[in-house]
1. Residue pairs, Cβ under 9 Å, 6 or more apart or interchain, first in region 142-153 and more than 19 Å from residue 185 (Cβ to Cβ), second at pLDDT 90 or above and exposed (fewer than 14 other Cβ atoms within 10 Å of the Cβ). List them.
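The values are calculated or read from the model by the stated rules, or taken from the named source; none is laboratory data. No experiment lies behind these values; they were computed from the predicted model shown. Cβ coordinates were reconstructed from backbone atoms using ideal geometry, including for glycine residues, and neighbour counts include every protein chain displayed.
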């Protein structure tokens, strides 16, 4: 019962199914592309680790400087925890102790949309705050391990000014923004290649 003039008018069903299957085989799947990307990412990690393994012994910040960084991190953590507590209080109904819902009796239809948008922003800020606290905890752990302030890429010290501005930093700003080592890192890696 095929229509006249259609492309499939004279083809049997089996032939059409074989053609469809052949087309599917020729087209690369998204999974294959994702696998290639993941493989490339893993290759970069392995290359970075091999470069790090060849680097000379790592310099670290002095004990007093690490203490200074630890104070900065603890202060940032305290401030962030206070902000999270304030956000939590703003999301809670003081009378019931439950999260504020959209069924507020005083809200009109238009105000409910605004209320929902404000709640979403509050939850987003809380999520960011929690993530930042985790990063600060990781930085404190790196201080304890003796790896704080050491660039993951070139194993040189991250500039003190950067660590004071962004105490969770694990690389120089240039590498963070461009995935290319900073000038100091390039020079250090070049010296390593000469040896």
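1. The qualifying pairs are 143/67.
Residue by residue, here is whether (1) over 19 Å from the mean Cα position of the chain (by Cα); (2) surrounded by fewer than 17 Cβ atoms within 10 Å (Cβ to Cβ) holds:
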position	(1), (2)
114	yes, yes
124	no, yes
127	no, yes
130	no, yes
151	no, no
159	yes, yes
166	no, yes
172	no, no
177	no, yes
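The rows are residues; the columns are (1) closer than 15 Å to residue 73 by Cβ; (2) modelled with pLDDT of 90 or more; (3) not assigned by TED's automatic domain parsing to the domain that holds residue 89.
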site: 109; (1), (2), (3): no, no, no
site: 119; (1), (2), (3): no, no, no
site: 127; (1), (2), (3): no, yes, no
site: 135; (1), (2), (3): yes, yes, no
site: 149; (1), (2), (3): yes, yes, no
site: 160; (1), (2), (3): yes, yes, no
site: 172; (1), (2), (3): no, no, no
site: 185; (1), (2), (3): no, no, no
site: 189; (1), (2), (3): no, no, no
